[in-house]
Amino acid sequence: MDLKSYTGINRYRLSAGGMSLAEIIFSLGMVSIILVSLIATFFAGFAAMQKCIAYQDAIIIAKRIIEEYKSMEYVSVPIYNPPVITTEKNLNVEISINEGLYVSTDLKYKKVTVSVYNSISKKSAKNVSVTMSVYLYPYK
């Protein structure tokens, strides 16, 4: 009686062991596709994080400037026409203040518009632009 057939050992092996060249090339191809995908995802996430940081900086700058003008008295708020452009944290800050009258009244108001943007071309993925406005009016 042959004991090898009952123990589960295969007597009829087609190869002596190891991997064929085709299996090695296929496995290397799969590993390279996975690595390229992971690296591309990492760089896309890094670029998105940089854009989020720049966008957050732009929002903070715009809110701070708006709050500065809201805390000022109405008469001390200057009128900027054309707008004043400055630079802060590698972002361009454009402040425009216009004066007008409410419709059908003699009540004046000043519209403060703050635009914060970077100087990278508009086609860039890292382009950031934030615009905020507030209306100021004199208290009576």
Determine the sum of side-chain charges near I79: Lys and Arg each +1, Asp and Glu each -1, restricted to other residues whose C-beta is under 9 angstrom from that of I79. 0
Using only the Cα atoms, work out Rg/Rh for segment 21-136, with Rh taken as the Kirkwood radius, to two decimals. 1.34
Once the dipole of segment 21-136 is set up with Lys and Arg at +1 and Asp and Glu at -1 on Cβ about the Cα centre, which of I60, N127, F46 lies farthest towards its positive end? N127
Can you tell me the dipole magnitude for segment 21-136 around its Cα centre, using point charges on the Cβ only (Lys, Arg +1; Asp, Glu -1), in Debye to the nearest 20? 140
Against the empirical 2.2 N^0.38 Å scaling, what ratio does the C-alpha Rg of segment 28-73 come to? 2.14
Computed lengthening from M49 to V84, 0.36 nm per intervening residue step minus Cα-Cα distance: 9.6 nm
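The numbers here are math on the coordinates, done by the rules we state, and not lab data. None of these values were measured; they are calculated from a predicted model. Note that we place each Cβ from the backbone using ideal geometry, even for glycine, and neighbour counts take in every protein chain shown.
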